1. Does A:Leu253 meet the test of being free of Cβ contacts under 8 Å to residues at least 60 places away in the same chain and either under 28 Å from A:Phe143 (Cα atoms) or among the aromatic types (Phe, Trp, Tyr) (or both)?
2. Before we move on, is B:Leu197 assigned to a helix (DSSP H, G or I), in contact with a helix residue (DSSP H, G or I) (Cβ under 7 Å, 6 or more places away or on another chain) and within 24 Å of A:Gly257 (Cα to Cα)?
3. Looking for something farther than 25 Å from B:Val252 by Cα, part of a helix (DSSP H, G or I) and of a type in the set (Gly, Ala, Ser) - is there at least one such residue anywhere in segment B:142-154?
4. Among the residues of segment A:141-152, is there at least one that is at the interface with chain B (Cβ under 7 Å from one of its Cβ atoms), within 17 Å of the chain's Cα centre (by Cα) and either farther than 23 Å from A:Leu261 by Cβ or surrounded by fewer than 18 Cβ atoms within 10 Å (Cβ to Cβ) (or both)?
5. Name the single residue, out of those in segment A:1-57 being of a type in the set (Phe, Trp, Tyr) and in contact (Cβ under 8 Å) with a residue 40 or more places away in the chain, that is surrounded by the most Cβ atoms within 10 Å (Cβ to Cβ).
6. Name the single residue, out of those in segment A:90-120 being small (Gly, Ala, Ser) and within 7 Å of chain B (Cβ to nearest Cβ), that is farthest from the chain's Cα centre (by Cα).
7. State all residues of segment A:99-144 that are among the hydroxyl-bearing types (Ser, Thr, Tyr) and either touching a Pro at 6+ places or on another chain (Cβ under 9 Å) or under 18 Å from A:Gln81 (Cβ atoms) (or both); if no residue qualifies, say none.
8. Suppose we keep only residues that are over 27 Å from the mean Cα position of the chain (by Cα) and assigned to a helix (DSSP H, G or I) within segment A:15-35. Which one would you say is farthest from B:Ile185 (Cα to Cα)?
Amino acid sequence: MMTRGKKWTFYILLMISAVVMFFPTFYAFMVSFMSSEEVMAGKLFPSELTLRNYQDAFDKLPLLHYLMNSFIVSISVTIGQLIVSSLAAYAFVFIQFKGRNALFFLFISTMMIPWEATMIPNFMTIQQFGWINRYFGLTIPFFAMAFGTFLLRQHFKTIPKELQEASQIAGLSRFQFFYKVVLPVSKTSLVTLGAYGFLTTWNMYLWPLLVTNNESVRTVQIGLKQLQAEEIATDWGVVMAGVIVVVIPTLVLLFAGQKQLQKGLTQGAIK
Amino acid sequence: MNGQPVPQKTTTPMANVNPSGFWKRSKNFRVAMLYLFPSFLLFSVFVFYPMMKTVYLSFFLTDYEGFPSLFVGLENYAYIFQSESFRKSIIATFIFVLITVPFGVLLALFLALLANEKLKGIGFFRTIFASNMGMSVAASSVIWLFLFHPSIGAFNQFLATFHLPQVEWLLDPSWAIISVSITTIWMNTGFAFLIILGGLQNIDEYLYENANIEGAGYWYQLKRITLPMLSPTMFFIITVSLINAFQTFGQVDILTQGGPAESTNLIVYSIYREAFINYQFGPASAQSVVLFLCILVVTILQFKFGEKKVHYQ
């Protein structure tokens, strides 16, 4: 049991940390309601809660279109990653074949190659495929994922082998066993990986900057840079409204799935 | 791999028991390849091929579209290591890594230790600490750009209230790298926090119960139980943070564009500029190879020296 003094020490430290850590986000939210005069005056709270800045942000940029693009790209990558990684993880766990360990090592070795070190040839490849300013260029390169395969493999390994035998006796084919048994029982890992994939794709910055040069498939992160470059001198309120719009989907996802995400990611990291 | 007969383990339920014929015996291998094919295809096109191509390009001069035009051997490497700009970039990158990794990991550990206590309303604090994970690089950088603003930014206003001298957060070369590092630490804490908290919650409750019965204090328990049991998690998060730090791009692009006086020209930003602004794909590829080697060396050193100190359950 905790003594009273110790409890209070913890609460005070927690409060201070929370204020420090959350201040930037909180302040950005406040500024998103302020007029430029209020921002210049260095106020901490807006005098009125008006959505004018948000309206301006949507007027000045095709923000809705960018949001749509980001949704399409993030959801495609999430689904693609889940399919490709779960297929690979299934082979590594449930099929006995020669060279399995060597191949798995090859998979893991891709984690050592930073995406940024290969971006020049990748950019050229995308150009050759004619995928600049296409959803393909933003999604397909990210479908294969060593981390995801690794995470799912860890989970698939916990599925009892008896289940495989039973399903064989029941007359299920290998593929039926995969999607009727393995996938449903691994739902939690799949959700974790999906949330993680969505978050990282939504927040991607360098690659969309390279492979989009017009509005057609540009993602909301690049839109934010655009907004910041255009509005910086004049209106911080509008820029912060843009920031809030961009972070809301991922924050909602995070608040909803934080426990799940933490459990799933730690499992993959440590075991 | 296909040339050898594949020995079958009869214990595998789905193994093909009939040993006659190579075709039948290699069935498992072929089926496995079917499942692995999508990953292999994508890894080949977007990871292995471009890595080799990067090494290849680093030996050439290229035209502005990136097609190799003249073989120059190691001259691109000689060129980048002689260039003042790249040397600055390497130094900036190492300073950045040395600031962000230790402070970032320690901050996350501190927050996770606080948030692991069984207190009322702890869920709220956990959510707050994890929330940075949902903040994108672009959004975080824009927020911090505002906080660092010379006149209306919160930091300088804060200093002004206490009549302290103003700081040129992003305009002073020696401050700029620190400002970019602070932004990065703030951005990365969410993920590190979640991982470390997960690690803490995996520690067997039983160990603490025993220690409590024996009357061991908080610091003693922290030193003797928590930190040793947490070492695999810390090892993981340090490795990930190191690799992430080398890959930093977005905050530099939005906060400083590599300036002032190239003091924040981190290696990925340097590669980006060399390749996509100056169209010098040869030297840019040589820089990419250096980046790859940095990450490789760090990972190997980590595993060689870090692994020994890690206590596995």
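The values are calculated or read from the model by the stated rules, or taken from the named source; none is laboratory data. Owing to the predicted nature of the structure, the values given are computational and were not obtained by experimental measurement. Cβ atoms come from the backbone with ideal geometry, glycine included; neighbour counts cover every protein chain shown.
1. Taking the combined requirement at face value, the residue satisfies it.
2. Yes: the conditions hold for B:Leu197.
3. Within segment B:142-154, not a single residue is farther than 25 Å from B:Val252 by Cα, part of a helix (DSSP H, G or I) and of a type in the set (Gly, Ala, Ser).
4. Scanning segment A:141-152, I find at least one residue that is at the interface with chain B (Cβ under 7 Å from one of its Cβ atoms), within 17 Å of the chain's Cα centre (by Cα) and either farther than 23 Å from A:Leu261 by Cβ or surrounded by fewer than 18 Cβ atoms within 10 Å (Cβ to Cβ) (or both), so the answer is yes.
5. If we take residues in segment A:1-57 being of a type in the set (Phe, Trp, Tyr) and in contact (Cβ under 8 Å) with a residue 40 or more places away in the chain, then A:Phe33 is surrounded by the most Cβ atoms within 10 Å (Cβ to Cβ).
6. If we take residues in segment A:90-120 being small (Gly, Ala, Ser) and within 7 Å of chain B (Cβ to nearest Cβ), then A:Gly99 is farthest from the chain's Cα centre (by Cα).
7. Listed by number, the residues that qualify are A:Thr110, A:Thr118, A:Thr125, A:Tyr135, A:Thr139.
8. If we take residues in segment A:15-35 being over 27 Å from the mean Cα position of the chain (by Cα) and assigned to a helix (DSSP H, G or I), then A:Met15 is farthest from B:Ile185 (Cα to Cα).
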